[in-house]
Each structure stands twice: as C-alpha cells, then as structure tokens.
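The values are calculated or read from the model by the stated rules, or taken from the named source; none is laboratory data. In this text the structure is predicted, and so the values were computed from the model without any measurement. Heads up, the Cβs are rebuilt from the backbone with ideal geometry, glycines too, and the neighbour counts pull from every protein chain shown. Surface areas here come from the heavy atoms of the whole protein model, side chains and all, with no ligands, DNA or RNA. Shrake-Rupley method; radii C 1.70, N 1.55, O 1.52, S 1.80 Å.
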Amino acid sequence: MTLSLPRRITHVLLDLDGTLTDSAPGIIASLRTGFTDAGFDVPSDEVLRTFVGPPLGASLTRMGLSAADAATTIAAYRRDFEAYGMFDNSVFGGVPEALAGLRETGVRLLVATAKPERYARQIVAHFGLDGYLTGGLDGVHGAADYEAGEAQGKEVVVERAVAHAVALGADAGQIVMVGDREHDVHAAAHHGVPTVGVTWGYAAPGELEAAGAAAIATTPEELRKLLTS
C-alpha cells in the first residue's frame, strides 16, 4: 500500500547514504578489503553497490554467509572503514541548498540511517550537515553499535526518529521520510510514515516505485519543492 504525502509537512526524516552523501566509493572499497581480509571471494562491484544503505549484516546473510562468517567480514570491513572508507565520501550537489531552503520554511530535519550511529554522527559533523538538523548531532539517529554479524532493522531507527519528532511537537501525520532505497520506504511505512524516494542514490530502476514511495524526486531542488508545496 502506498501512503500519501500529508498536506502539510512539518518534520522530515532524512536517510544518509545515497540521500545526503555519495558514500558508495568508501563503503565499496572497505567491503572489498573486508571480504579479502576475512578470506572470502570479493563480490562484483555491482553486488557490493547493493550493500550501500541496508543494514550490512542483513546483506551478508542474504548472500548466504553464516552468522560467524558475516561477523568476521563485518569486523574486517569496520577496521578499514574507520581508517579509510568513512570519509571517502561527498555531499551530493544541491543537497545543502535544499536543506537550507527547508529550514527557512520552518521544516524540522532529522537523520534516520541504518548506519551505526557513531559513524553517522562523525560523517554528518565532518560535512557540516549538523547545522541543518534540529538539535544538531542530537538529530542524528542511527543503528545501535551492535555486535558484528547482528542486524538492526531500519524500522527500529525510524521508530526512534519518529518519537524524537513527536517530542519536538510533530503531529504523527505530518512526518515524512526521505530515502533512496526500498528499505527506507518499508521501514517508514511500518510506522505509518510516507516516503519521498530520491533517484540520485543507489536504488535499482523502479525499486522505489515498487516499494510504494509516495512521490519521487529526481533532484534536491525538486525534493525541496515536494516537501514545501
């Protein structure tokens, strides 16, 4: 079922990877190192690209790794990611301007990402995106720092972000998610929140529409207009 956008949007939950930042180069490079260091064959870049966004543990399980092998791979990935991959990353063009425009109209912005929260906050601070968020880095909601091999679904992160928005005064019917992958749409819908899908991220063609995105934005400026019209 596709949820409709509310007439008035007051609070927006923003995905990070593929929505605010082009994080694929660093993530894919660290995944290659992770698989190699863990002693496993490295999947193709096409397959590795599908790992960007969803919880890593879930992606590894989906490709058939056991819990123990996934844990070994994630530990190796994290070592490289923390040292090299985290900031092999960039903000998508037009995103800061769109965020500034949303803030100017009074929309409150929070981040909801499946990335571990300690990484997400470092990345948001590194690129100065915290200045657009309500509460600065306190507005960044990410996955708990779970043990390697465990997966915390994005539904849990969205639940916390929605609760934060409500604490800030949001009506539950005035919150919207923005994301680039189907798991963003599904996680938000689980809590009755519609999603605007963005096409500059990592979704396959038709993925967002099939997942039930309420609307699709092809540029950050189009996103700003969708959320403030």
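So for region 37-56 (the condition being modelled with pLDDT of 95 or more, touching a Ser or Thr at 6+ places or on another chain (Cβ under 6 Å) and closer than 19 Å to ASP184 by Cβ), does at least one residue qualify?
For region 37-56, residues modelled with pLDDT of 95 or more, touching a Ser or Thr at 6+ places or on another chain (Cβ under 6 Å) and closer than 19 Å to ASP184 by Cβ: absent.
Does region 23-30 contain any residue that is more than 30 Å from ALA98 (Cβ to Cβ) and open to solvent by 20 Å² or more (accessible area, probe 1.4 Å)? Can you show your working first?
Residues of region 23-30 more than 30 Å from ALA98 (Cβ to Cβ): none.
No, that holds for no residue.
Pairs needed: first member in region 83-107, among the basic types (Lys, Arg); second member anywhere, modelled with pLDDT of 95 or more; C-beta distance under 7 Å; at least 6 residues apart or different chains.
Hits for this filter: ARG103/LEU109; ARG103/TYR132.
Please verify whether ASP184 is of a type in the set (D, E, K, R), open to solvent by less than 20 Å² (accessible area, probe 1.4 Å) and in a helix (DSSP H, G or I), treating the condition exactly as stated. Give the steps one after another, and end with the answer.
Values: of a type in the set (D, E, K, R): yes; open to solvent by less than 20 Å² (accessible area, probe 1.4 Å): yes; in a helix (DSSP H, G or I): yes.
Yes; evaluated as a whole, the condition is true for this residue.
Among (1) open to solvent by 30 Å² or more (accessible area, probe 1.4 Å); (2) β-branched (Val, Ile, Thr); (3) farther than 26 Å from PRO25 by Cα, there is one condition ILE216 misses while meeting the rest; what is its number?
Result: ILE216 fails condition (3) only.
Would you say ALA148 is of a type in the set (A, V, I, L, M, F, W, C), modelled with pLDDT under 95 and open to solvent by 40 Å² or more (accessible area, probe 1.4 Å)? Let's see the steps before the verdict.
Working: of a type in the set (A, V, I, L, M, F, W, C): yes; modelled with pLDDT under 95: yes; open to solvent by 40 Å² or more (accessible area, probe 1.4 Å): no.
No; evaluated as a whole, the condition is false for this residue.
Inspect region 116-124 for any residue being under 23 Å from GLN174 (Cα atoms), touching a residue at least 24 places away in the same chain (Cβ under 8 Å) and open to solvent by 20 Å² or more (accessible area, probe 1.4 Å) and give the result as yes or no.
Of region 116-124, the ones under 23 Å from GLN174 (Cα atoms) are none.
No, region 116-124 contains no residue that is under 23 Å from GLN174 (Cα atoms), touching a residue at least 24 places away in the same chain (Cβ under 8 Å) and open to solvent by 20 Å² or more (accessible area, probe 1.4 Å).
Test GLU155 against the criterion of being closer than 24 Å to LEU48 by Cα and not in a loop (DSSP other than H, G, I, E, B), and give yes or no.
Numbers: closer than 24 Å to LEU48 by Cα: yes; not in a loop (DSSP other than H, G, I, E, B): yes.
For GLU155, the condition - closer than 24 Å to LEU48 by Cα and not in a loop (DSSP other than H, G, I, E, B) - is met.
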